[in-house]
1. Once you have the alpha carbon radius of gyration of the stretch 132-216, what is it after dividing by 2.2 N^0.38 Å, with N set to its residue count?
2. With a/c under 1.5 counting as rounded, go ahead and sort the stretch 76-164 into rounded, prolate or oblate using the C-alpha gyration tensor (a ≥ b ≥ c being the square roots of the eigenvalues; past the cut-off, prolate if a/b is larger than b/c, else oblate).
3. Considering only DSSP states other than H, G, I, E and B, which trypsin sites (Lys or Arg not before Pro) in the stretch 1-89 qualify as loop sites with at most 11 other Cβ atoms within 10 Å?
4. How far is it, in nm, from the label point at Ser151 to the one at Tyr99 when both lie 7 Å from their Cα along the line to the Cβ?
5. So who's got an amide H within less than 5 Å of the one on Thr119, skipping anything under 5 residues away but keeping other chains? H placed 1.01 Å off N, in plane.
6. Report Rg(Cα)/(2.2 N^0.38 Å) for the stretch 104-245, keeping two decimals.
7. Name the residues whose placed amide hydrogens come within less than 5 Å of the amide hydrogen of Glu126, ignoring near sequence neighbours (fewer than 5 apart) on the same chain.
8. May I ask you to sort Leu203, Leu232, Leu43 by Cβ crowding, counting other Cβ atoms within 10 Å and putting the fewest first?
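Readers should treat all values here as calculations from the given coordinates under stated rules, not as data from a laboratory. The model shown is predicted, which means the values in this text are computed figures rather than measured ones. A quick note on method: Cβ atoms are made from the backbone with ideal geometry, for glycine too, and the neighbour counts reach across all protein chains shown.
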Amino acid sequence: MRKLVVGNWKMNGLAASLAEIEALKGLTSSATCEIVVCPPFTLIERATARSHGSSIAIGAQDCHSEATGAYTGDVSAQMLAEIGARFVIVGHSERRSTYQETDMSVAAKARAAHAAGLTSIICVGETQSERDLGKAIEIVTRQVIRSMPTSGASENTAIAYEPRWAIGSGLVPSISQVEDVHAAIRETLVERVGADGRAIRILYGGSLKPSNAASIFSIENVDGGLIGGASLKASDFTAIIAAAG
């Protein structure tokens, strides 16, 4: 399975940051993994133009579940597709915690993404208290079941496991913890969609950086990564991409 490495810039980046796309093009010309950069909405169209002629795809960080309507300040999946996005992250831990997004709303966004021809990257993950209570796998598998719409399949969906307690904290789960959760996600996907569930890529996200990327990518059922801060600089992101192959 070809690994998928996704950079999530979050609310970072102005026009000058597009130089990182140019640098990334030059540094990743021989990469064998699939590369996606998700800049802020304001940069998506320009990032698409800058990435032209390379293997870098551009994605978005969120979308609305409706195609049109009176939703001031929101952006639909169709709008994203029109300006060149090919992927969209839905249900990121920060969206779930800060904006109280539910599995139901995440599934609706993923469904809208699929209808617009986008690949959805559906994020799931437990809090520190849920892990301390021994409920990590229960929580994560339930999120997978509820957050992935019936339109989900290997050609339009990836799952990103991001333990919420590891986001931006510098903390990283042990190899065995990542292995156990990814195995449980794989089993859940196969139960949900059959054999195609073995082809849906499962990404790891949560303080993934150049120093630990190789060990994490070597874990069974880790099919790539969702990278936050380390994707803002082409040099750091390239090191992670190299670890993915």
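1. Expressed relative to 2.2 N^0.38 Å, the Cα Rg reads 1.11.
2. Prolate is the answer for the stretch 76-164, as a/c is 1.5 or above and a/b outweighs b/c.
3. Qualifying residues, ordered by number: Arg2.
4. Roughly 1.8 nm, to one decimal.
5. It is Phe87, Val88, by chain and number.
6. 1.01
7. The list, which skips near neighbours in sequence, is Arg164.
8. Ordered by Cβ neighbours within 10 Å, fewest first: Leu232, Leu43, Leu203.
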